[in-house]
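A.B. asks: If you scroll down you'll find the structure; I have some questions about it.
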Amino acid sequence: MYRFFIKEEQIHDGMIEICGSDVNHIKNVLRMKTGDKVYLSNGSDLEYECSLLEWTDDTILAKIEDVHGMETELPVKITLYQGLPKGDKMEMIVQKAVELGVAEDSFPVAMKRCVVKLDAKKAAKKVSRWNTIALSAAKQAKRGIIPEVREVRNFKDILEEVQDIEFMLVPYEEAKGMQASKELISQAKGKKSIGIIIGPEGGFEKEEIEQLKAAGGQTMSLGKRILRTETAGMTVLSILMFTIEE
């Protein structure tokens, strides 16, 4: 069943009014008809199983048949802090992170070895593009929420934020071997919040690693091979998904 996202103000008297670009998608791309069913999510904690009822040129009225919780969401909030990569790599990172279950927000982070330097105007356009990709990925993966990609942050800013995260993982090529990583990952189950910090193409500066450790971060190995920045985060997310999802 197809899933679309709506706002609370679109819900009234047991009905949901679908509007915007979703109307064209339902009508002309999916070619759905009266009586067809869809899931409509409020983007936070509920999804509505609905049947399409009435049509106009720019709206579709759907009748609420049932209400569900977020069965597709992981039982823990995972936040990804991604060292800003070159080119369009962030687009793929956002798409795959949303598919794998990253939670409410993710942060591109400007670190010392980042090659890319964005001014405010370019950064705003990039963030808008990344959030469009996040929305599309959330629909495809049948997510109950739309994870938001926040504005590009500097490294010092996130050092304060990550202290509120219960379990902070920092993949690092100089970390101890895989047995230590397996033992560390086994501690993820039951945590309420998990953070992942990924370095850019050039990796972390040693000073950054020490600062992350002081903020509660725990370094881990991802094996004997050096992974690209766009691969490392997806690897950790995949491992966590299999560890914590029931």
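The values are calculated or read from the model by the stated rules, or taken from the named source; none is laboratory data. On a predicted model such as this, the values are computed, not experimentally measured, just so you know. Glycine also receives a Cβ, built like all others from the backbone with ideal geometry; neighbour counts cover every protein chain displayed. Just the protein is used for accessible areas: all its heavy atoms, side chains included, with ligands, DNA and RNA removed. Shrake-Rupley method; radii C 1.70, N 1.55, O 1.52, S 1.80 Å.
A.B. asks: Do the alpha carbons of any pairs in K176/K206; K7/K126; K86/K191; K117/K192; K7/K142 sit beyond 22 Å of each other, and which pairs?
C.D. replies: Correct reply: K7/K126; K86/K191; K117/K192.
A.B. asks: Here is a further query. For Y39, what accessible area in Å² do you get when you roll a 1.4 Å probe over the heavy atoms of the protein chains, rounding to the nearest 10?
C.D. replies: Ignoring ligands and nucleic acids, Y39 comes out at about 50 Å².
A.B. asks: Non-local amide H neighbours of F5 (under 5 Å, H modeled in plane, Pro and chain starts lacking H): which ones?
C.D. replies: S41
A.B. asks: Pop out the ³J(HN,Hα) list for the stretch 55-64 in order, Karplus 6.51 cos²θ - 1.76 cosθ + 1.60 with θ = phi - 60°, rounded to Hz; leave Gly and Pro as x.
C.D. replies: 10, 10, 5, 10, 9, 10, 9, 10, 8, 6
A.B. asks: Evaluate the relative contact order of the stretch 101-246 (contact order divided by residue number), counting alpha-carbon pairs under 8 angstrom at least 6 apart; express in whole percent.
C.D. replies: 30 percent
A.B. asks: Let me ask something additional. Which angle between 0 and 90 degrees, to the nearest 10, do you get for helix 89-100 versus the longest principal axis of the chain when only C-alpha atoms count?
C.D. replies: Result, in degrees: 70.
A.B. asks: What percent does the relative contact order of the stretch 12-99 come to when contacts are Cα pairs within less than 8 Å and at least six residues apart?
C.D. replies: Details: 99 pairs, mean separation 21.8, N = 88.
25 percent.
A.B. asks: Here is a further query. From the phi angles alone, apply the Karplus equation (6.51, -1.76, 1.60; θ = phi - 60°) to the stretch 115-129 and give each ³J(HN,Hα) in whole Hz, x where the residue is Gly or Pro.
C.D. replies: Residue by residue, the stretch 115-129 yields 7, 6, 10, 9, 7, 4, 5, 5, 5, 5, 5, 4, 4, 4, 4 Hz.
A.B. asks: Now for a different question. Using a Förster distance of 45 angstrom, determine the FRET efficiency expected from the C-beta separation of Q179 and E49, and round it to 0.05.
C.D. replies: Values: r = 46 Å, r/R0 = 1.01.
Efficiency at R0 = 45 Å is approximately 0.50.
A.B. asks: With a 1.4 Å probe and all protein chains in place, put R143, R150 in order of accessible area, largest first.
C.D. replies: R150, R143
A.B. asks: Accessible area of E65, 1.4 Å probe, to the nearest 10 Å²?
C.D. replies: That residue has around 90 Å² of solvent-accessible surface.
A.B. asks: Does the stretch 181-246 classify as rounded, prolate or oblate by the C-alpha gyration tensor (a ≥ b ≥ c root eigenvalues; a/c under 1.5 gives rounded; else a/b over b/c gives prolate, otherwise oblate)?
C.D. replies: Oblate, because a/c is 1.5 or more while a/b does not exceed b/c.
A.B. asks: Quick one: of the DSSP bridges fully inside the chain, what percent are antiparallel, nearest 5?
C.D. replies: Numbers: 20 of 44 bridges.
Approximately 45 percent, going by the DSSP bridge assignments.
A.B. asks: How large, in percent, is the carbon and sulfur part of the accessible surface of the stretch 93-246 at a probe radius of 1.4 Å?
C.D. replies: 49 percent
A.B. asks: Amide H of K86: which non-local residues (sequence gap of 5 or more, or other chain) have their own amide H closer than 5 Å, using H built in the peptide plane?
C.D. replies: E201
A.B. asks: Another question, if that's okay. I'd like the accessible area for T34, computed on protein heavy atoms only with a 1.4 Å probe and all protein chains in place. Round to 10 Å², please.
C.D. replies: Ignoring ligands and nucleic acids, T34 comes out at about 90 Å².
A.B. asks: Let me check against my output: what whole-number percent is the relative contact order of the chain, with C-alpha pairs under 8 Å and at least 6 apart?
C.D. replies: Relative contact order of the chain: 21 percent.
A.B. asks: Would you kindly derive the ³J(HN,Hα) couplings of the stretch 190-204 from the backbone phi angles with the Karplus curve 6.51 cos²θ - 1.76 cosθ + 1.60 (θ = phi - 60°), listing them in order in whole Hz, with x for Gly and Pro?
C.D. replies: x, 6, 8, 9, 10, x, 10, 10, 10, x, x, 3, x, x, 7
A.B. asks: Kirkwood Rh and Cα-based Rg: tell me the resulting Rg over Rh for the chain, rounded to two decimals. Working shown, then result.
C.D. replies: Values: Rg = 20.1 Å, Rh = 19.4 Å.
My calculation puts Rg/Rh at 1.03.
A.B. asks: Something else: Between V149 and residues 5 or more places away or on another chain, which pairs have amide H atoms under 5 Å apart, with H built 1.01 Å from N, and which residues are they?
C.D. replies: Under 5 Å from the amide H of V149: S106.
A.B. asks: Sticking with this one: At 1.4 Å probe size, put M1, M32 in order of accessible surface, largest to smallest.
C.D. replies: M1, M32
A.B. asks: Could I ask something else about it? Full extension from K213 to R225: what is 0.36 nm times the residue separation minus their Cα-Cα distance, to one decimal in nm?
C.D. replies: 2.0 nm
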